[in-house]
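Sharing a structure, written as structure tokens. Questions coming.
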Amino acid sequence: MKEWIFQRLYLFYSSVLLLYLINYFLENPTLNYTIGLLAIPMMGVSFLWASRLFKILCSVFIISGLVMYISVGLPIHEIPLFLTSNMSMLAFLTVLPWINGVVHVGHYDRHINGLMKKEVDNLGSLYVRSTLTTYVLMTFLNLSAINLSQSVLIENMKKTQKAVRDALISKTTIRAFALALIWSPMEIIVAITVDATGISYLVYLPWLLLISAIALGIDLFLGRQQYKKIPYTDETGDESGLPFRGVIQQILKLFFALILFLTTILVVSNLFELNFILTVTLVILPFSIIWSLLIKKWTEFRVLGYRLWKEQTNRMQNFTLLFISLAFFANSLNATPILGLVQQPFLAFDDKPFIILFLIFATYFVLATIGVHPIGTIGILLEVLTPLFAIINPVSIGIVLIVAALATSSSATYGITITMTSMNTNQNPYRITLRNLSFTFLLGFIGIGIGLLIL
């Protein structure tokens, strides 16, 4: 019976998330409450198959959230309304397999594989190649690029010692994610900051690109030095069957398709005034279908895409448990007076820009360690910082708001990138966090330095 239920979890998960997407446009309070009620059995069934670590995390978030919820005297019947704020993330994760499917049937993953490992004879070179490849793909594919890059690296490094393999994968893919998205107009933190400060994105862009380039250069140099003495032998063979120049040509074709994907997202987002995550969620499936038709791979895509979607949705227990319990914790935290304590340090140092910028980074880092999403943190910070825009250059504040958010994502134990990496590589998320702490501080302090430079 338990196995029968497990094989059909995708139907339950997808039905609830589809209701959420429909209600995003309807904004029906009754349906919203119903979705919150359904989130409770979603957690219940997910708990049965979730890993021990995520069961513990869920329990901590729920118990802590209940303590805060009850402490402010909120009515019990409103609890379901506190469970739905991360549903968009779950919906996004549910549709990711479709674009991965079209990339696979178009053999783009093989070309990515070839680009990473061609003419590589040591892990130092592989570190550089995999970071750069993931960096470029991340600009177009966002989170799905992590899955693609990690799957390629896992396959290519089968013969490498697990500890070494896990360390390299944890560093290259997660760091590339942060570095690529700090300047992406499609990153929601960037969009929120631009809107809140009233400063044009084009003003931010050159500074964010500079920060990204500096941090990328330092990380590639250090990574190459660390791993260059470890030999690498390609045991998998060249699946692409193409010379290096041919691989580059195929990757350029992929980039062209992904530029169209980004253009579609921009058009849909601006036309219907939707946020990034929701727009990508709605665009991925129709875009993937059209893409498969254009490359004449519809039949293969339909079969593979459905299988990947079904299998990966059935394995969303950890994600489901984490994001629903985290939503309850974060919303309960927002309802308490605790947040008022955050304001005091900022107001006390309004004449000391360095301390203000450092406190922004510190706030992201501390709240990320207890599971608060950067979007929740930036909402708190903007309430505190808006009055300071008249005193401190808002561009400086905006740069640190963006860079600090993405910097902490590389070491946020409960963040989606570390969670995905933990599941893909079967390693403890806390170990991934420790490996990336130095990078978090490097990127964060580079952002603070540039912020001070343009005061």
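The values are calculated or read from the model by the stated rules, or taken from the named source; none is laboratory data. Model, not experiment: these values are computed from the prediction. Positions of Cβ are generated from backbone atoms using ideal geometry, with glycine treated the same way; all protein chains shown enter the neighbour counts.
Yes or no: residue 48 crowded, with 17+ Cβ neighbours inside 10 Å and modelled with pLDDT under 95?
no
A further question on this structure: Please return the ranges of helices (runs of 4 or more DSSP H) entirely within the stretch 145-240 where 3 or more residues are at pLDDT 90 or above, farther than 26 Å from residue 278 by Cβ and outside the structural domain of residue 427 (by TED's automatic domain parsing).
Correct list: 162-181, 201-227.
State whether one or more residues within the stretch 399-413 are aliphatic (A, V, I, L, M), over 30 Å from residue 321 (Cβ atoms), modelled with pLDDT under 90 and out of contact with any Lys or Arg (no Cβ under 6 Å at 6 or more places or on another chain).
Residues of the stretch 399-413 aliphatic (A, V, I, L, M): 399-407, 412.
Then keep just the ones that are over 30 Å from residue 321 (Cβ atoms); that gives 399-400, 403.
Next, only the ones that are modelled with pLDDT under 90 stay: none.
The answer is no, given that none of the residues of the stretch 399-413 is aliphatic (A, V, I, L, M), over 30 Å from residue 321 (Cβ atoms), modelled with pLDDT under 90 and out of contact with any Lys or Arg (no Cβ under 6 Å at 6 or more places or on another chain).
What number of residues in the stretch 1-36 are without any contact (Cβ under 8 Å) to a residue 40 or more places away in the chain, aromatic (Phe, Trp, Tyr) and either touching a Pro at 6+ places or on another chain (Cβ under 6 Å) or within 22 Å of residue 308 (Cβ to Cβ) (or both)?
The qualifying residues number 2.
May I pose another question? Restricting to the stretch 71-86, what's the tally of residues that are in contact (Cβ under 8 Å) with a residue 40 or more places away in the chain and more than 19 Å from residue 337 (Cα to Cα)?
Counting residues in the stretch 71-86 that are in contact (Cβ under 8 Å) with a residue 40 or more places away in the chain and more than 19 Å from residue 337 (Cα to Cα) gives 6.
Additional query: From the list 42, 68, 89, which one is surrounded by fewer than 23 Cβ atoms within 10 Å (Cβ to Cβ), farther than 14 Å from residue 333 by Cα, in contact (Cβ under 8 Å) with a residue 24 or more places away in the chain and of a type in the set (A, V, I, L, M)?
Numbers: 42 fails: surrounded by fewer than 23 Cβ atoms within 10 Å (Cβ to Cβ); 68 fails: farther than 14 Å from residue 333 by Cα.
Being surrounded by fewer than 23 Cβ atoms within 10 Å (Cβ to Cβ), farther than 14 Å from residue 333 by Cα, in contact (Cβ under 8 Å) with a residue 24 or more places away in the chain and of a type in the set (A, V, I, L, M) holds for just one of 42, 68, 89, which is 89.
Kindly list, by first and then second residue, each pair from a residue in the stretch 385-409 that is more than 30 Å from residue 171 (Cβ to Cβ) to a residue that is assigned to a helix (DSSP H, G or I), limited to pairs with Cβ atoms under 6 Å and residues at least 6 apart or on different chains.
Note: pairs meeting the criteria are 385/397; 392/353; 394/197.
Shifting gears a bit: Just need a number here: residues in the stretch 253-296 that are without any contact (Cβ under 8 Å) to a residue 12 or more places away in the chain, farther than 23 Å from residue 309 by Cα and of a type in the set (Val, Ile, Thr).
The total comes to 2.
Still on this model: Checking residue 290 against (1) in the same structural domain as residue 267 (by TED's automatic domain parsing); (2) touching a Leu at 6+ places or on another chain (Cβ under 6 Å), only one condition comes out false. Which one?
So the condition that residue 290 fails would be (2).
Let me ask another. Which of the residues spanning the stretch 249-307 are of a type in the set (Lys, Arg) and buried (at least 17 other Cβ atoms within 10 Å of the Cβ)?
Within the stretch 249-307, 297 is the sole residue that qualifies.
If you don't mind, another one. Could you tell me whether any residue of the stretch 399-412 is assigned to a helix (DSSP H, G or I), surrounded by fewer than 20 Cβ atoms within 10 Å (Cβ to Cβ) and not assigned by TED's automatic domain parsing to the domain that holds residue 166?
Among the residues of the stretch 399-412, not one is assigned to a helix (DSSP H, G or I), surrounded by fewer than 20 Cβ atoms within 10 Å (Cβ to Cβ) and not assigned by TED's automatic domain parsing to the domain that holds residue 166, which makes the answer no.
Suppose the filter is crowded, with 19+ Cβ neighbours inside 10 Å, hydrophobic (A, V, I, L, M, F, W, C), over 21 Å from residue 416 (Cα atoms) and in contact (Cβ under 8 Å) with a residue 60 or more places away in the chain; does residue 99 pass it? So that I can check it myself, show each step before the final result.
Values: crowded, with 19+ Cβ neighbours inside 10 Å: yes; hydrophobic (A, V, I, L, M, F, W, C): yes; over 21 Å from residue 416 (Cα atoms): no; in contact (Cβ under 8 Å) with a residue 60 or more places away in the chain: yes.
Criteria not met by residue 99.
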